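What follows is a single structure, written as structure tokens, with notes after it.
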Amino acid sequence: MEGVRTASWLCALLALAPVGGFAADELQIGIIDFYGLRKLSPQKARQALTFKEGDTVALLEPPAALHESEQRLEALRGVVHAKTNTVCCDDGKAIVYVGIQEKNAPVIQFREAPRGTERLPEDMVQAGEEFSRALQAAVEAGNAGEDDSEGHALARDPAVRAPQEAFIMYAQRESQLLRQVLRNSSLATERALAAQIIGYVPDKQSVVDDLVYGMSDPDENVRNNSMRTLLVFAHAAPRPARARIQIPFAPFIAFLDSPVWSDRNKASGALMQLTRTPNPELLASLQRGALVSLTEMARWKSAGHAFPSFVILARIAGYSDDDLRQAWRNGEREKVIRAAERAKPLRKPVKKKN
């Protein structure tokens, strides 16, 4: 669905981590949004916070107010876990997402952290650091666009694109090492970088299983990069000589209930891409198990972050891509949400027996 890919949504999914390394030490909080609330009311959750819109928040080191708020939320009846996530930026201001995991809510199980000694070559690590610095500068300058048509990200900004072009060479040269580091390295930073660079291999299908494995990593940045690489795979432009990359959708659906914002952000973006082509089984699974989570995310105040869930809900409701684009432009989020809630139950296609 090429036309729906707006600049705000693209920027919302660009960052390989929620915050980090921006020039400003602090930003004013412009938005506070919640997710995971089922029984706890938004009013009670907000009353437990020790910060508010208009306060300033450090980007590199979360302030004590965020940690204190998590503890206060976890002291509320029925709350098992709370996590604050600071994200840059909306209209030059920070967004603080507050994730709540209530009692009896779905819990995602991650594997234990690996302990291997596998490491990336120094030139790869340096290229990764160069990419991070250049991307941060590009985002601040409003020049964060990219081309995903080849199944890997190539930025519009020359300084960001240069290390990405080096990633193509590294992925061709060291694909097996990248697999080993992603699966086995004891360093989460190296696993995360491997999940990014491995997406530049010529044969994307050959590394899908490795990236799905990366989605079960206990480190949220490794999961983030694994999902984003798969998201870009899903956005690759189909061509007669290139088969569409087959990506399993079930792992992404589970992350729509995660208390970690980056899990939800990348999962919703990937699922938006995976629902571009007709897939009754995927839409039926989303309708049965993810309507509540999709609805709360479609109501987020940041348009770029809300957009993927809005699109998925519109597709569940039977909107064409042209109609959902018009509904988005008209500000009809609630209308689309109601239509998705009232939609007839979708059914998985019945497989014929041989």
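Within region 215-244, the residues that satisfy the criterion of being in contact (Cβ under 8 Å) with a residue 60 or more places away in the chain, within 15 Å of ARG276 (Cβ to Cβ) and surrounded by fewer than 19 Cβ atoms within 10 Å (Cβ to Cβ) are ALA236, ALA237. Among the residues of region 280-292, none qualifies, meaning not one is among the β-branched types (Val, Ile, Thr), touching a helix residue (DSSP H, G or I) at 6+ places or on another chain (Cβ under 7 Å) and not assigned by TED's automatic domain parsing to the domain that holds THR229. So which of ARG119, ARG46, ARG72 ends up being among the basic types (Lys, Arg), out of contact with any strand residue (DSSP E or B) (no Cβ under 6 Å at 6 or more places or on another chain) and within 30 Å of TYR213 (Cβ to Cβ)? None of the other options fit; the residue is ARG119. With the structure loaded, tell me whether ALA138 is touching a Cys at 6+ places or on another chain (Cβ under 7 Å), at pLDDT below 95 and surrounded by 19 or more Cβ atoms within 10 Å (Cβ to Cβ) or whether it fails that test. Answer is no for this residue. Looking across region 143-164, the residues that are in a loop (DSSP other than H, G, I, E, B) and touching a residue at least 60 places away in the same chain (Cβ under 8 Å) come down to ALA144, GLY145, ASP148, SER149, GLU150, GLY151, HIS152, ALA153.
For region 61-82, the condition holds for at least one residue, the condition being that it is touching a His at 6+ places or on another chain (Cβ under 7 Å) and free of Cβ contacts under 8 Å to residues at least 12 places away in the same chain. Residues in region 198-243 that are over 24 Å from TRP261 (Cβ atoms) and assigned to a loop (DSSP other than H, G, I, E, B): VAL201, PRO202, ASP203, ALA236, ALA237, PRO238, PRO240, ALA241, ALA243. Inside region 198-212, residues that are crowded, with 16+ Cβ neighbours inside 10 Å and within 22 Å of GLY116 (Cα to Cα) make up a count of 7. The set of residues in region 188-208 being more than 14 Å from ARG228 (Cα to Cα), out of contact with any Ser or Thr (no Cβ under 6 Å at 6 or more places or on another chain) and without any contact (Cβ under 8 Å) to a residue 40 or more places away in the chain consists of THR189, PRO202, ASP203, SER206. Only a single item in (1) at pLDDT below 95; (2) in a helix (DSSP H, G or I) is not met by PRO345, and it is number (2).
Taking the criterion of being surrounded by 14 or more Cβ atoms within 10 Å (Cβ to Cβ), out of contact with any helix residue (DSSP H, G or I) (no Cβ under 8 Å at 6 or more places or on another chain) and among the aliphatic types (A, V, I, L, M), the residues of region 41-75 that qualify are ALA58, LEU59, ALA65, LEU66.
If we scan region 304-322, do we find a residue that is in contact with a Phe, Trp or Tyr (Cβ under 9 Å, 6 or more places away or on another chain), over 25 Å from PRO106 (Cα atoms) and at pLDDT below 95? Scanning region 304-322, I find at least one residue that is in contact with a Phe, Trp or Tyr (Cβ under 9 Å, 6 or more places away or on another chain), over 25 Å from PRO106 (Cα atoms) and at pLDDT below 95, so the answer is yes. When residues in region 181-197 are screened for being surrounded by fewer than 16 Cβ atoms within 10 Å (Cβ to Cβ) and in a helix (DSSP H, G or I), 2 of them pass. The residues of region 103-133 that are modelled with pLDDT of 95 or more and hydrophobic (A, V, I, L, M, F, W, C), listed by number, are PHE110, ALA113, LEU120, MET124, VAL125, ALA127, PHE131. Per this entry, ALA162 is counted among residues that are in contact with a helix residue (DSSP H, G or I) (Cβ under 9 Å, 6 or more places away or on another chain) and surrounded by fewer than 24 Cβ atoms within 10 Å (Cβ to Cβ). All of (1) at pLDDT 95 or above; (2) over 24 Å from the mean Cα position of the chain (by Cα); (3) not in a helix (DSSP H, G or I) hold for VAL80 with one exception: (2). Across region 298-330, the number of residues qualifying as out of contact with any strand residue (DSSP E or B) (no Cβ under 6 Å at 6 or more places or on another chain), assigned to a loop (DSSP other than H, G, I, E, B) and in contact (Cβ under 8 Å) with a residue 24 or more places away in the chain comes to 3.
The values are calculated or read from the model by the stated rules, or taken from the named source; none is laboratory data. Every value quoted in this text rests on a predicted model; they were computed, and no experiment measured them. Note that we place each Cβ from the backbone using ideal geometry, even for glycine, and neighbour counts take in every protein chain shown.
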